[in-house]
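Scroll down for the structure; my scribbles are underneath it.
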Amino acid sequence: MVERRVRSGGRGQKGVRFHYSFLKILSGSDLSRHRLPYMEASSLKPGPVVWLTACGHGDEVGGIVVVQEVFRRLRKRPLSNGELRAFPLMNPLGFEAAARLVTISQEDLNRSFPGTPNGTLAERIAAKVFQSIVETSPTIVLDLHNDWIRSIPYTVLDSVPQGPVSELCRRTATLAAATGFPVVLEQESIRASLSHSLMQHGIPALTVELGESYVVNEKNVELGVRSVFNILAELGMIEPDDEPFGFPLPAEVMGKPLRYSNQPLSSTSGILRFMTRPGAVVRAGQSLAKVVNAFGRHLETLTTAHDAFVLGHTDSSVAYPGAPVVALGVLSEKKVSGASLTRP
């Protein structure tokens, strides 16, 4: 799977072995090599296999540091069994340019899975990542992402057809709750994403949104690390904390799966003035934001058709027709006519 060993920390406490390597993905015209960093911590005792992946979008850098911190802390809080594996930087080409896409080919890596060895550049990278993960028969894969600057962390459950995979969905939902974050149900399949592709192959996978791309937000890093340790404790791979981590949530949101909605969209151009904040509960008919023109004249007020939990709002106050303004976790079962329930 990996190109070569570059550093191994040997056996840590209780015989835990740390191993860091690279997986080659591309040779440049100047013979430079682009590689994916790979990290592994393994116990002498067999057990669950957990994967962490991060920076599939090159501007989402916070997940890289979450992975680094988890491995650093495992040296003092070692695994009692099983293995933790990670690709902390899946899109090095995008990362070096602080860009969301694979810069050379302008492709979205997280819309290229499971990939193909003879496909586009992103599909070839995806194939190497996907095969490396699948061949280990993982218990769970946590794909770490970053959302809008003003957003709270949340865990996304992919939409998967009912039937033979229903037990897979139940197991994945149990682990989603164990992250300690609000759980948001994806209403439409985001095909070719890493988590959706893994679920299609019968492997539990979750997308964890940790807020704020481009920079490392230390608060969000700490939340992400504690969430990962929640999962390891849930699987019996480490000693549990006296009190498991849980993101502080309003009582009506606690333990309740939410439906994702990016509605309403702006219908006019102007300046957005937000009237609510991430982490707030809003009621059907409540105002979320208003749009004003260059003279401050009111053009539009955007209201929610649901009782909902505000997950975040857009990074820009520039409104234009069709622009997403807020991300909501819908609490009520009321259906929004014509609403899109797929994350932007």
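Filter segment 152-171 down to residues that are part of a loop (DSSP other than H, G, I, E, B), under 30 Å from residue 221 (Cβ atoms) and β-branched (Val, Ile, Thr) and give me whichever is modelled with the highest pLDDT. This residue is 152.
Looking only at residues of segment 95-118 that are within 17 Å of the chain's Cα centre (by Cα) and surrounded by 21 or more Cβ atoms within 10 Å (Cβ to Cβ), we find that the one that is farthest from residue 190 (Cα to Cα) is 109. Considering segment 231-309, the qualifying strands (runs of 3 or more DSSP E), each wholly inside and each with 3 or more residues that are modelled with pLDDT of 95 or more, run over 270-274, 287-292, 298-303. For the residues 240, 248, the requirement of being without any contact (Cβ under 8 Å) to a residue 24 or more places away in the chain, over 24 Å from residue 48 (Cβ atoms) and not basic (Lys, Arg) singles out 248. The set of residues in segment 197-227 being part of a helix (DSSP H, G or I) and crowded, with 24+ Cβ neighbours inside 10 Å consists of 198, 199, 224, 227.
Of the residues that make up segment 73-80, is at least one open to solvent by 40 Å² or more (accessible area, probe 1.4 Å), within 18 Å of the chain's Cα centre (by Cα) and within 20 Å of residue 227 (Cβ to Cβ)? Can you show your working first?
First, the residues of segment 73-80 that are open to solvent by 40 Å² or more (accessible area, probe 1.4 Å): 73, 75-77, 80.
Applying the additional criterion that residues be within 18 Å of the chain's Cα centre (by Cα) yields none.
Within segment 73-80, not a single residue is open to solvent by 40 Å² or more (accessible area, probe 1.4 Å), within 18 Å of the chain's Cα centre (by Cα) and within 20 Å of residue 227 (Cβ to Cβ).
Among residues of segment 312-326 that are buried (at least 22 other Cβ atoms within 10 Å of the Cβ), those with a Cβ under 6 angstrom from a residue that is of a type in the set (Asp, Glu), sequence gap 6+ or separate chain, pair up as 312/147.
Per-residue answers, yes or no, for (1) at pLDDT 95 or above; (2) open to solvent by 20 Å² or more (accessible area, probe 1.4 Å); (3) at negative phi:
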residue: 7; (1), (2), (3): no, yes, yes
residue: 10; (1), (2), (3): no, yes, no
residue: 15; (1), (2), (3): no, no, no
residue: 22; (1), (2), (3): yes, yes, yes
residue: 27; (1), (2), (3): no, yes, yes
residue: 30; (1), (2), (3): no, yes, yes
residue: 45; (1), (2), (3): yes, yes, yes
residue: 50; (1), (2), (3): yes, no, yes
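Figure legend. Inter-residue proximity from segment 81-109: first residues more than 30 Å from residue 238 (Cβ to Cβ), second residues among the basic types (Lys, Arg), beta-carbon distance below 8 Å, spacing 6+ or different chains. Indicated pairs: 94/100; 108/100. Taking residue 194 as the residue in question, decide whether it is under 29 Å from residue 236 (Cα atoms) and touching a strand residue (DSSP E or B) at 6+ places or on another chain (Cβ under 9 Å). Yes, satisfied. Yes or no: residue 115 touching a strand residue (DSSP E or B) at 6+ places or on another chain (Cβ under 8 Å) and small (Gly, Ala, Ser)? It is false that residue 115 is touching a strand residue (DSSP E or B) at 6+ places or on another chain (Cβ under 8 Å) and small (Gly, Ala, Ser).
The values are calculated or read from the model by the stated rules, or taken from the named source; none is laboratory data. For clarity, every value in this text was computed on a predicted model and none was experimentally measured. Because the Cβ atoms are built from the backbone with ideal geometry, glycine has one as well, and the counts that use them run over all protein chains shown. Each accessible area value is taken on the protein alone, full model and side chains, heavy atoms only, with ligands, DNA and RNA left out. Shrake-Rupley method; radii C 1.70, N 1.55, O 1.52, S 1.80 Å.
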